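K.L.:
One structure coming up, written as structure tokens, with questions to follow.
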Amino acid sequence: MDYDFLQIEKKWQHIWSTKKTFKADSQSHKPKYYVLDMFPYPSGAGLHVGHPLGYIGSDIIARFKRHSGFNVLHPQGYDSFGLPAEQYAIQTGQHPSKTTTSNINKYRQQLDRMGFSFDWDREVRTSEPNYYKWTQWIFLKLFDSYYDIEADKAVPVSELIFRFKKEGNINVQAHCDKDTPVFSALEWNAFDHEQQQKVLLFYRLTYLSETQVNWCPALGTVLANDEIVNGVSERGGYAVTKKRMRQWSMRIGAYANRLLLGLDELDWPDSLKEMQRNWIGKSRGACIYFEVENHPEKLEVFTTRPDTIFGVTYMTLAPEHELVSKITSPEQQKAVSDYIAIVAQKSDRERQADVKLISGVFTGAHALHPFTGVPIPIWIGEYVLASYGTGAVMAVPCGDQRDFDFATHFNLPIINIFDGVDISEGAFTDKGKVKLIHSDFLNGLDYKAALDRVITALESKNYGKGAVNFRLRDAIFSRQRYWGEPIPIYFKGDIPIPLKEQHLPLELPRVEKYLPTEEGKPPLGNAKIWAWDEINEEVVSNDRIDHQFVFPLELNTMPGWAGSSWYFNRYMDAQNQKEWVAPKALDYWREVDFYMGGSEHATGHLLYSRFWQKVLFDLGYVKTNEYAKKLVNQGMILGNSAFVY
């Protein structure tokens, strides 16, 4: 008897669809089990072979758990904001929503034909206003929170304001910008509203600041480090350069230690957890302050080896370090400027990966050794990154191979501070039990003893302090794109004002062009109806902006990872129009039991989503500190298959 699989599959897929066989109940006497796939971006090409590679595995788990007596939630949706749809809109003039809807229909047809047991009643699309309303809501929660170091959690900004009124910020332990001003309660209460709001931006978990960014001129937008591959944009392969811009950022750095410690609780692949550990990059050492000869500025350096301070023979700054332009001598201006322009064409990853290339330029300035007062030449070099530590290195050629190679290449002095060690061929990088020489009060001490002694000396003389540093930097949140979530902010002068929650969603306006404006503003600068009427509380025409009652709205949109940083929670109560997720649904489903997805998302989606989950946990909106107990990588298809015809 022939097996007519086409008819049989068609019959049963129709039955599953009409009877909603795979519909999950949010209240059940059965034990729950939540199986989740990383939802796809609906590209025009349709599903690729990597999609079913993961979906088949998770579907087997879902079906097995149903047969084992579990109430299984196995949803699916679409990460439908993104650059490809926008690029297509630029080329054709067709609105991204049209191509996105068409692509989603294609995906759904393909997924249905494969017979997956998804609960389609819980489908989400990140580009739908009824979804990104809640993405905007989470943004406002972050904007209205700060990180209290003493409580080790996010806390509403209203509590910070209360403390400022009573005692100023002298005793406030919070994650904030380095240049946060110190003030008393008397001074705070004397500040006008605008001054107070500017101060609060130093603390908010979502904040505006001047930031060094990865700028892609061809795409007309900022890119995150994980969106750049081999020095070019992941999408399109376009050149990326460095640029300073006023951007929205998220203070993920405040959560660095918790993100690191939380990995120990997760049943995730060890290789993926190690990738996150390296990306977060915790290191212990000291911050040391070097005065700059004939300049008022101080140069701050973080080092894991403060015990080698007497081996310093030069300093190296990242080419984009803010002090470079201030301290460079007139004679060196051209050489420094030319070098900065060359380095700006490279990504941070390229600069770190190319260990054989040695390049740098002398600034003409000198730092002063904190203990001896000896002048130390200050160079710039591409191997030092502004995004790590303080963007400055105290170079100890005898103890670091890169410093050794740099010093040898440029004929800079090398002082040996290790007793009985030959450094004629290379640096000595082992900590071990080797005693120090030529190191003043550290002579005769090994690494551990010298480390404690030098930190004590630095702190007693106010030359520095012991410190823990993280490689993880705050995440740039602005994107100069059209097809993304609007940021629910309007501006009174330079001060960002959040929309009230009842006015969400702030929907994307229609525009005629999807490129930046001729003045260089983001694509939303092309919108003609994109201003906020504060009296009537509605979006109105731009020509009504008077900066008294009607104000301009934010022109940047959110990054591609915003909608995917919380979608796993929305699936628990996807059709709820009144709340982001009902408490009952959160109580029942709590977290994902089995998450399937690729390791390529280790330092992007999987890190940002953990960050958002921890913020929502701190604020009492979710029940768990981590959202996915178990994660499985389905593997990656690396090459073409061999076909026989």
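K.L.:
Here are Gly597, Gly639: which of them is under 18 Å from Arg570 (Cβ atoms) and either within 23 Å of the chain's Cα centre (by Cα) or at pLDDT below 90 (or both)?
P.N.:
Answer to the check: Gly597.
K.L.:
Determine if region 235-250 includes at least one residue that is under 25 Å from His175 (Cα atoms) and assigned to a helix (DSSP H, G or I).
P.N.:
Within region 235-250, not a single residue is under 25 Å from His175 (Cα atoms) and assigned to a helix (DSSP H, G or I).
K.L.:
Go over the candidates Lys334, Lys326, Lys346 one by one and state the one that is part of a loop (DSSP other than H, G, I, E, B) and of a type in the set (D, E, K, R).
P.N.:
Lys346
K.L.:
Now a separate question. Identify, by number, the condition in (1) assigned to a helix (DSSP H, G or I); (2) modelled with pLDDT of 95 or more that Thr100 doesn't meet.
P.N.:
Failed condition: (2).
K.L.:
Now for a different question. Checking the structure you have, find out if any residue of region 620-629 is closer than 16 Å to Phe139 by Cα, modelled with pLDDT of 95 or more and assigned to a helix (DSSP H, G or I).
P.N.:
Pass one, region 620-629, residues closer than 16 Å to Phe139 by Cα: 620-622.
Next cut, modelled with pLDDT of 95 or more only: 620-622.
Next cut, assigned to a helix (DSSP H, G or I) only: none.
No, that holds for no residue.
K.L.:
Filter region 543-561 for residues that are out of contact with any Lys or Arg (no Cβ under 6 Å at 6 or more places or on another chain) and either within 16 Å of Leu504 (Cα to Cα) or free of Cβ contacts under 8 Å to residues at least 24 places away in the same chain (or both) and give the result.
P.N.:
Hits for region 543-561 are Asp543, Arg544, Ile545, Asp546, Gln548, Phe549, Leu553, Glu554, Met558.
K.L.:
Would you point out the residue of region 300-314, among those that are in contact with a Leu (Cβ under 7 Å, 6 or more places away or on another chain) and surrounded by 24 or more Cβ atoms within 10 Å (Cβ to Cβ), that is nearest to Ile376 (Cα to Cα)?
P.N.:
The selected residue is Tyr314.
K.L.:
Among the residues of region 362-396, count how many are modelled with pLDDT of 95 or more, farther than 16 Å from Lys298 by Cβ and in contact with a Lys or Arg (Cβ under 8 Å, 6 or more places away or on another chain).
P.N.:
Number satisfying all stated conditions: 1.
K.L.:
What pairs come up if the first residue lies in region 173-194 and is under 24 Å from Ala256 (Cβ atoms) and surrounded by 12 or more Cβ atoms within 10 Å (Cβ to Cβ), the second is polar (S, T, N, Q) and at pLDDT 95 or above, and their beta carbons are under 8 Å apart, counting only those six or more places apart or on different chains?
P.N.:
Thr180/Asn169
K.L.:
Output the number of residues of region 235-257 satisfying the condition of being more than 22 Å from Arg351 (Cβ to Cβ) and surrounded by fewer than 20 Cβ atoms within 10 Å (Cβ to Cβ).
P.N.:
Going through region 235-257 one residue at a time, the tally reaches 2.
K.L.:
What are the pairs, 6+ residues apart or on separate chains, where a residue within region 35-46 that is aliphatic (A, V, I, L, M) has its Cβ under 6 Å from a residue that is buried (at least 19 other Cβ atoms within 10 Å of the Cβ) and assigned to a loop (DSSP other than H, G, I, E, B)?
P.N.:
Note: pairs meeting the criteria are Val35/His74; Met38/Gly597.
K.L.:
Another question, then. Search region 358-373 for residues that are crowded, with 19+ Cβ neighbours inside 10 Å and pair each with any residue that is acidic (Asp, Glu) when their beta-carbon atoms are under 6 Å apart and the residues are at least 6 apart or on different chains.
P.N.:
Every condition considered, the pairs that remain are His366/Glu293.
K.L.:
Among the strands (runs of 3 or more DSSP E) contained in region 359-431, which hold 3 or more residues that are over 23 Å from Cys287 (Cβ atoms)?
P.N.:
On the way: elements: 361-368, 375-380, 392-395.
Filter on region 359-431 gives 361-368.
K.L.:
I've got another one for you. With modelled with pLDDT under 95 and not hydrophobic (A, V, I, L, M, F, W, C) as the only criterion, which of Tyr238, Tyr203 stands out?
P.N.:
Result: Tyr238 is the single residue among Tyr238, Tyr203 that is modelled with pLDDT under 95 and not hydrophobic (A, V, I, L, M, F, W, C).
Residues are listed down the side, and each one gets a yes or a no for (1) assigned to a loop (DSSP other than H, G, I, E, B); (2) more than 30 Å from Arg235 (Cα to Cα):
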{"residue": "Lys10", "(1), (2)": "no, yes"}
{"residue": "Thr18", "(1), (2)": "no, yes"}
{"residue": "Lys30", "(1), (2)": "yes, yes"}
{"residue": "Leu36", "(1), (2)": "no, no"}
{"residue": "Pro40", "(1), (2)": "yes, no"}
{"residue": "Ser43", "(1), (2)": "yes, no"}
{"residue": "Leu47", "(1), (2)": "yes, no"}
{"residue": "Arg66", "(1), (2)": "no, yes"}
{"residue": "Ala89", "(1), (2)": "no, no"}
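K.L.:
Taking interchain pairs and intrachain pairs at least six residues apart, which have beta carbon atoms under 8 angstrom, with the first residue in region 268-283 and part of a loop (DSSP other than H, G, I, E, B) and the second among the small types (Gly, Ala, Ser) and surrounded by 19 or more Cβ atoms within 10 Å (Cβ to Cβ)?
P.N.:
Trp268/Ala628
The values are calculated or read from the model by the stated rules, or taken from the named source; none is laboratory data. Since the model is a prediction, treat every value here as computed from it, not as a measurement. When we count neighbours, we look across all protein chains shown, and the Cβ atoms used for this are built from the backbone with ideal geometry, even at glycine.
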